[in-house]
Each structure stands twice: as structure tokens, then as C-alpha cells.
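Q: Handing you this structure, nothing more for now.
The values are calculated or read from the model by the stated rules, or taken from the named source; none is laboratory data. What you are looking at is a predicted structure, and each value in this text was computed from that prediction instead of being measured. As a convention, Cβ positions derive from the backbone with ideal geometry for all residues, glycine included, and neighbour counts pool all protein chains shown. Surface areas here come from the heavy atoms of the whole protein model, side chains and all, with no ligands, DNA or RNA. Shrake-Rupley method; radii C 1.70, N 1.55, O 1.52, S 1.80 Å.
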Amino acid sequence: MTAVLMVMLAKLISGASGRWLGCAPDTKQRIYFANHTSNLDALVLWAILPPEVRALTRPVAARDYWTAGNFRRYLAEKVFRAILIERKKPTAHDNPIAQILEGMGETGSIIIFPEGGRFSGLDPMPFKSGLYHLAQKRPDVELVPVLIENLNRILPKGEILPVPLLGNMTFGAPIQLRAEESKPSFLDRARSELVRLRNL
């Protein structure tokens, strides 16, 4: 029941719509990677997925933020079923990539923000290496770029009350790590896919 209410609330606040330009909604295992501009990003992206896709999809989120308080922890663990990772001081025993792979299993999809933090600029910041390592470990999984627009204006960083604007999410064509492709080349290409979606 809480999940249903959160989906309705996310859609009401953001007015967000999803444009599937490069692929169609599917329950196949995917990594949805998106630019990160607002605290609403993960919630709204998760909410606009079709119910059967949403049921298989888990956001990847910062453990320090989402465990700071009982309500946040409840939302993260019980509603979104988020994969909570250590982002500040990862270690061999507290490894984000291992945690994400375990959380995905053989059928689950994830939502990830490769910039590593929220940025309000027009173009995404350079990507951190996590997306590359996931692509290396799971070459069978589709990597779907998702361009998020306007959510930072609906709930700007540091604000509590949303501003009534319409958000947009554009889903592009899946990509995969190419044979012999270097980490910098892959990350730059993945970032470029998000930028390209703005003009479609």
C-alpha cells in the first residue's frame, strides 16, 4: 500500500512522463543509468516504470543518506527495496560493486546515477567508474540511458517544497561495453548517450 501511495505521489508532484525512444519497457534485466539533479530522481524514475518492470527494479542509493532516520530507512528498505551502498569509504569488505551485483541477482534491474552525486548543470558531470565495472561483470545485461529533465527545478537542492513544473524522462537505446573498450572511452560514450537524448 505504501508503495502504491509513493508512486501516486511521485507522479502527482513531478507530473513526469516517460518517453521510450530507443527501447520499449521490458522485464528483461537492465541497468537504467541516469543523470542526477534532484532528490526526486530515483523515486520518480522508479515510479514511472510500468508496474511489472518496477517490481523487478531497485534503485542504488547512498547508505549514509537513506539510513539517517527511521522514515528514510523504511522507505529505502521496505518500499523501494533500494540497494544501499557505501559511497564515502568503500573497502574490500564493503564493496559497492559486489553489493549491487548481489542485489541484482539473475533477474533484477537497477537504477544508478554514475555521476556519483547531484549536479544541476545542463550536461551530466563525468561518470565515476562504477558503471564500467558493472558492464564488465554483467555483459549480458542491457545498459539503458535515461535523461532526466526539470526535476531539479521541481525540487531544487536544499529545498523542501516542490514547485509545480513538468518533469521528463527519456529512455534511450541500450548500450553495452565493446570488446577491448577502455574505461575512459566507455564512460565518455555512456555520458554522451545521455547528452544526445536531449536533442531527440
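Q: Which one, (1) 26, 19, 13; (2) 28, 22, 16; (3) 24, 20, 17, gives semi-axes √(5λ) of the Cα gyration tensor in Å as derived from the coordinates shown?
A: (3)
Q: Can you give the convex hull volume per residue for the Cα atoms of segment 1-79, as a whole number of Å³?
A: 107 Å³
Q: Further, regarding this structure: Given an 8 Å cut-off on Cα distances and at least 6 residues of separation, report the relative contact order of segment 52-110 as a percent.
A: Dividing the mean separation by the residue count of segment 52-110 yields 41 percent.
Q: Near residue 100, within a Cβ-to-Cβ distance under 14 Å, what is the net charge of the other residues, with Lys and Arg +1 and Asp and Glu -1?
A: Neighbourhood net charge equals +4.
Q: Find the accessible area per residue for the chain; the probe is 1.4 Å, ligands and nucleic acids are left out, and the unit is Å².
A: Value returned for the chain: 52 Å² of accessible area per residue.
Q: What full-extension length gain, to one decimal in nm, is calculated for residue 179 and residue 73 as 0.36 nm per residue of separation minus the Cα-Cα distance?
A: In short, 34.2 nm is gained.
Q: Carbon and sulfur together cover what percent of the accessible area of the chain at a 1.4 Å probe radius?
A: 56 percent
Q: Let me have the relative contact order for the chain, percent, based on Cα pairs under 8 Å that are six or more residues apart.
A: 31 percent
Q: On a 26 Å Cα-Cα criterion, which of the cross-link pairs 28/88; 78/128; 28/137; 89/137 come out too long?
A: Pairs exceeding 26 Å: 28/88; 78/128.
Q: Tell me what the chain gives for mean residue ellipticity at 222 nm when only DSSP H runs of n ≥ 4 count, each as -39,500 (n - 2.57), the sum divided by the residue total, rounded to 500 deg cm²/dmol.
A: -9500 deg cm²/dmol
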